[in-house]
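Notes to accompany the following structure.
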Amino acid sequence: MLGKPSVTFHLITLVIVGMLAYVVFSNPAIEPEKGIQVLNIKKSELSHVSWVNESKRIDVSPRKNGGFTLTVSEYPTQAAQSGAAVADFENGRIPDEVTQNDTPQNRRPDTHQPKITSYRAGTIFEDKLDKLFPMLVERDLGKVSQQQLIEYGLDDPKSTLEISAKDQKVRFAVGGKTYGGATTYIQQLPNGPVYLLASDFIRSLDINAGGFMERRLLGVEQDAVDTISLEKDKRQQSLIQRGQGRFGQWVPEKNPGTKNTIFDNWVKSIFKTPIEEYIFEESLVPNLQEEVKIVLKRGGDVLDVLKLASFQRDDGEGKPVFYAKNDFVGQWVTIRSSDAERILSELPSIMEND
């Protein structure tokens, strides 16, 4: 007959259970990888992504200083139906490129000219890219018959997806959706296997002009800057940040003890100024009158250089258009007149008041 378990036995059991519980709850759960990996690349390794259908082309390109440029080329419906858009896109030609053959005789009719929008992508789009790569598919259907290609909408696909990264370049034909639309049939070209891809992947890339546009004019936060140098008509002014956080205040470097809040309010208005519209081609920018050059620094290092300029329209209204360009945005943009006028109206006081 067995005796009763001793107190020591119970204590040992409790210790073992406690140790197991600690191991389980102190380590985060590992999420299982959902899907089959077909492209083992990261967002940081992308060199180009293009998504093409009958009416538009989306090009995603990395920028030298980080981030991505989105170029959306949209054809008018009439041109798309004529096949002109598809021919250009399949040849890998960004529609508005200028070629040596671009003579009036060879140029396409205006109805075939696309609307092109190119801009810096915002952080929301970059977050989406983090979720899209590495590229996973729901199912690998392998090689399929011609009849199955017809059923999947891949015999005459209307869309293609091309991804380039490192030494890889992969193209997919994009077919129809499964029942319910949760997944989409894609085929690796040429004549490769067929996969079921989550439709969210395609929806993330099939954006309209202006989708995911970066609206911030400045890519650095105000607290990351300790000096702002201004240049206006060969005159200079330097502002420094006195204090930190919500107690910080911008003041002239030559007069840091000033109680005047005009400098602080002026700097804050610059950081709050959004982008109104991106200018795709440099040739579309008129002859501008430079208004002020603003250099953002920290510890003596230049973080960004912002130029504000204006153009006086000859439209009878007499209202100028205001432009801006800096390293973060990388191209000329327009800003709202109300924002520009507020900045420029106080600029004489900023430059003169020490």
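Looking only at residues in region 322-339 that are touching a residue at least 40 places away in the same chain (Cβ under 8 Å) and either part of a helix (DSSP H, G or I) or among the basic types (Lys, Arg) (or both), which one is surrounded by the most Cβ atoms within 10 Å (Cβ to Cβ)? Going through the qualifying residues, I end up with Asp339. Taken over region 257-284, the residue count meeting the criterion of being part of a helix (DSSP H, G or I) and modelled with pLDDT of 90 or more is 11.
Here's the yes/no breakdown for (1) at pLDDT below 85; (2) touching a Phe, Trp or Tyr at 6+ places or on another chain (Cβ under 9 Å):
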| site | (1), (2) |
| --- | --- |
| Ile94 | yes, no |
| Lys115 | yes, yes |
| Gly122 | no, yes |
| Leu132 | no, yes |
| Val170 | no, no |
| Ser199 | no, no |
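Consider region 175-203 and keep the residues that are aromatic (Phe, Trp, Tyr) and farther than 17 Å from Ser50 by Cβ. The one that is surrounded by the fewest Cβ atoms within 10 Å (Cβ to Cβ) is Tyr179.
Please find, within region 109-138, the residue that is farthest from the chain's Cα centre (by Cα) out of those that are in a strand (DSSP E or B) and either exposed (fewer than 14 other Cβ atoms within 10 Å of the Cβ) or of a type in the set (Ser, Thr, Tyr) (or both).
It comes out as Thr117.
Scanning region 194-220 for residues that are free of Cβ contacts under 8 Å to residues at least 24 places away in the same chain and either under 22 Å from Glu291 (Cα atoms) or of a type outside the set (Lys, Arg) (or both) yields Ser199, Asp200.
Give the residue that is surrounded by the most Cβ atoms within 10 Å (Cβ to Cβ), with candidates limited to residues of region 143-174 that are in contact with a strand residue (DSSP E or B) (Cβ under 6 Å, 6 or more places away or on another chain) and β-branched (Val, Ile, Thr). Of everything passing the filter in region 143-174, Val174 is surrounded by the most Cβ atoms within 10 Å (Cβ to Cβ). So, Lys254, is that one part of a loop (DSSP other than H, G, I, E, B) and over 28 Å from Lys307 (Cβ atoms) or not? Considered against the rule, which asks whether it is part of a loop (DSSP other than H, G, I, E, B) and over 28 Å from Lys307 (Cβ atoms), Lys254 comes out as no.
Out of Val170, Val174, one residue alone is closer than 21 Å to Glu74 by Cα, among the β-branched types (Val, Ile, Thr) and in contact with a Leu (Cβ under 7 Å, 6 or more places away or on another chain). It is Val174.
Exactly one residue among Val329, Val292, Val333 is at pLDDT 90 or above and more than 26 Å from the chain's Cα centre (by Cα), and that residue is Val292.
The values are calculated or read from the model by the stated rules, or taken from the named source; none is laboratory data. Note that the coordinates shown come from a computational prediction; the quantities given were computed from them, not determined experimentally. Please note: Cβ atoms are built from the backbone with ideal geometry, for glycine as well, and neighbour counts cover all protein chains shown.
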